[in-house]
Amino acid sequence: EMASRFARSAMVALGCAASLHSGRAASAPTRLIKGVSYGPTPVLQPAQASQMPQDDFFCDEAAPMWSSAGRGDLAMMKHMGANLVRLYGNDPRNSHEQFLEEADALGLEVAPGMSDWPYYQKTPGSCQTTDYNCFSQVKPLYMQNLANGFLTENDTYHRSLRVMNILNEPDLKMPPTATIGGREGPVLMARALISAFDAMLDAEKDSNVTGPLINFTATFSFAMCMACDRLRHVPALAQMAVLDDAMHRPEAYGYTPRNDILEAYQTRWMHSFNTANPAADLEVMFFPEYNRAFPSTPVYIGEYHSVHAASQKDDVAAVLAAAERNPLFAGIAFFEFTVSYYKTGSELDFGMFGYGSAMASMEYFGATFDVHCLAPVPHEGSSLAEVVANAFGGSVDFGKLCAPWRKEEERPPRILASAPSGARGFLAAPASPSSVALV
């Protein structure tokens with residue numbers, strides 16, 4: 001029998017009678033996640049996003065950004081004290097072996113995810129055209145992921161891999177009205193997730209995967225699900241409850257699994273969500289209810305950054321302290337590594353590093369893009385990167401930044417003048433440009 005990578009640890013029993021379903025403890029994390037969300041789109045203006053042939057930035061072609069031979073993004077994260085990199089775009093045709101190898105050499109774990117493409121971007125033939133049954137769309141893609149770096153030559157998972165995200169914010173996409181429409185919305189969302197999960201398990205079986213296994217998750221938004229039957233007053237938790245019910249009763253959600261999804265769910269699942277709420281909110285409005293509902297299932301925050309917190313320094317420290325106190329809270333991935341200049345409005349409020357001058361060029365699937373040096377975004381008298389690094393127990397490697405800020409005593413006076421104005425919204429993760437096709 002294939003053993004789970006993460007040994008089951010003793011979880012504090014917090015009201016098992018009130019839990020949604022009794023069962024064995026899920027695979028428990030071995031160390032607190034101090035992660036960074038990574039989607040370094042190499043453009044400076046929203047209009048340039050349409051020029052991107054892909055948004056897979058952990059493939060070999062993107063090495064000029066992430067590798068030590070290039071800008072050194074992974075090494076910067078490690079220097080800052082991070083132990084995990086959370087990813088977005090994923091073209092399974094691409095090789096990801098070099099990224100995983102470098103991450104492993106640095107001591108970083110990796111949390112990739114399936115892209116949005118098979119779910120609603122594929123034309124024709126997305127999951128939305130097969131009544132939200134995603135098995136046939138997801139299985140061949142995950143088979144390619146396994147063949148192109150996720151598995152070693154011994155058919156074991158690459159040891160840097162920690163958790164695979166089936167879909168980022170499915171409650172906002174599958175369908176878009178899943179939380180605010182009729183009761184059918186949560187059912188369709190759950191069907192999409194359990195069928196995709198089943199597909200990934202089937203891909204593992206056909207690929208003869210052996211040895212330590214990775215965890216799986218589906219990262220929900222922090223929206224309240226008014227269309228859900230239970231726990232609708234708790235952001236994200238109602239969506240998790242629907243998924244839990246679907247794992248236990250898949251036929252009630254219009255799906256018949258090919259594999260034992262309940263066994264895999266009970267032993268390999270981590271819940272996750274994205275939020276812009278500060279730590280103080282989470283300790284009141286989410287974690288007490290979560291601990292009662294899921295007393296043996298770990299949860300982590302896939303995107304964490306409360307831009308309106310009174311003090312980023314205090315807030316990041318507080319959320320990590322909360323994780324230290326709560327054995328179910330596995331940690332966070334801070335959102336995000338670089339400012340996403342292809343976005344507008346409040347979405348530009350996120351990102352620890354801006355872009356400076358071009359330091360190299362990158363040939364990326366038939367197009368050429370500048371690789372810009374990193375310029376720390378100023379914050380509270382220093383920089384946001386320093387705030388996160390201090391909380392993670394590391395430091396910023398100023399020698400790897402744009403020339404004006406290579407010495408620690410020299411601070412950036414403001415965000416780069418060349419950066420576009422506007423903001424970076426939070427809950428929506430970087431989406432694939434409409435021109436991306438993975439067929």
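The values are calculated or read from the model by the stated rules, or taken from the named source; none is laboratory data. Predicted, not measured: the structure shown is a model, and the values here were computed from it. Please note: Cβ atoms are built from the backbone with ideal geometry, for glycine as well, and neighbour counts cover all protein chains shown. When the accessible area is computed, the model is the full protein with side chains, heavy atoms only, and any ligands, DNA or RNA have been set aside. Shrake-Rupley method; radii C 1.70, N 1.55, O 1.52, S 1.80 Å.
Listed by first and then second residue, the pairs with beta-carbon distance under 7 Å, at least 6 apart or on different chains, first residue in region 293-304 and outside any loop (DSSP other than H, G, I, E, B), second among the basic types (Lys, Arg), are 302/86.
Within region 364-378, residues that are closer than 16 Å to residue 45 by Cα reach partners that are of a type in the set (A, V, I, L, M) and surrounded by 21 or more Cβ atoms within 10 Å (Cβ to Cβ) with beta carbons closer than 6 Å, at six or more positions or on different chains, in the pairs 371/65. Taken over region 64-82, the criterion of being without any contact (Cβ under 8 Å) to a residue 60 or more places away in the chain and either part of a loop (DSSP other than H, G, I, E, B) or surrounded by fewer than 19 Cβ atoms within 10 Å (Cβ to Cβ) (or both) is satisfied by 67, 68, 69. If the condition is being open to solvent by less than 10 Å² (accessible area, probe 1.4 Å), out of contact with any helix residue (DSSP H, G or I) (no Cβ under 6 Å at 6 or more places or on another chain) and not in a strand (DSSP E or B), then region 214-230 contributes only 214. Among the residues of region 171-190, the ones that are under 15 Å from residue 126 (Cα atoms), part of a helix (DSSP H, G or I) and open to solvent by 30 Å² or more (accessible area, probe 1.4 Å) come to 0 in all.
In region 264-274 there is no residue matching the filter, namely being over 23 Å from residue 86 (Cβ atoms) and open to solvent by less than 10 Å² (accessible area, probe 1.4 Å). Could you check, for region 338-352, whether at least one of its residues is hydrophobic (A, V, I, L, M, F, W, C) and either in a strand (DSSP E or B) or free of Cβ contacts under 8 Å to residues at least 24 places away in the same chain (or both)? For region 338-352, residues hydrophobic (A, V, I, L, M, F, W, C) and either in a strand (DSSP E or B) or free of Cβ contacts under 8 Å to residues at least 24 places away in the same chain (or both): absent. Taken over region 316-365, residues that are β-branched (Val, Ile, Thr), within 30 Å of residue 288 (Cβ to Cβ) and at pLDDT below 95 amount to 0. Residues in region 173-213 that are touching a helix residue (DSSP H, G or I) at 6+ places or on another chain (Cβ under 9 Å), more than 15 Å from residue 129 (Cα to Cα) and of a type in the set (S, T, N, Q): 177, 179, 207.
If the condition is being of a type in the set (Phe, Trp, Tyr) and without any contact (Cβ under 8 Å) to a residue 60 or more places away in the chain, then region 243-285 contributes only 273. Being touching a residue at least 12 places away in the same chain (Cβ under 8 Å), hydroxyl-bearing (Ser, Thr, Tyr) and surrounded by fewer than 18 Cβ atoms within 10 Å (Cβ to Cβ): is that true of residue 136 here? Yes; evaluated as a whole, the condition is true for this residue.
Please pick out the residue among 121, 98, 128 that is closer than 19 Å to residue 78 by Cα and surrounded by fewer than 22 Cβ atoms within 10 Å (Cβ to Cβ). Exactly one of 121, 98, 128 is closer than 19 Å to residue 78 by Cα and surrounded by fewer than 22 Cβ atoms within 10 Å (Cβ to Cβ), namely 98.
Checked against the criterion of being open to solvent by 40 Å² or more (accessible area, probe 1.4 Å), touching a Ser or Thr at 6+ places or on another chain (Cβ under 9 Å), under 23 Å from residue 65 (Cα atoms) and at pLDDT 95 or above, the candidates 159, 86, 93 yield just one match: 159. So which residues in region 287-327 are out of contact with any strand residue (DSSP E or B) (no Cβ under 7 Å at 6 or more places or on another chain), of a type in the set (A, V, I, L, M) and within 19 Å of residue 217 (Cα to Cα)? Within region 287-327, just 293 meets the criteria.
Under the condition of being closer than 30 Å to residue 116 by Cα and outside any loop (DSSP other than H, G, I, E, B), which residue from region 377-430 is modelled with the lowest pLDDT?
So the residue we want is 424.
Checked against (1) at pLDDT below 95; (2) open to solvent by 60 Å² or more (accessible area, probe 1.4 Å); (3) in contact with a Ser or Thr (Cβ under 8 Å, 6 or more places away or on another chain), residue 368 passes all but a single condition, namely (1). Looking at region 232-242, is at least one residue without any contact (Cβ under 8 Å) to a residue 40 or more places away in the chain and not hydrophobic (A, V, I, L, M, F, W, C)? Within region 232-242, one or more residues are without any contact (Cβ under 8 Å) to a residue 40 or more places away in the chain and not hydrophobic (A, V, I, L, M, F, W, C).
When the criteria are applied in full, residue 10 fails the requirement of being surrounded by fewer than 15 Cβ atoms within 10 Å (Cβ to Cβ), at pLDDT below 50, farther than 17 Å from residue 159 by Cα and in contact with a helix residue (DSSP H, G or I) (Cβ under 7 Å, 6 or more places away or on another chain). Within region 102-149, the residues that satisfy the criterion of being charged (D, E, K, R) and outside any helix (DSSP H, G or I) are 109, 116, 122, 131.
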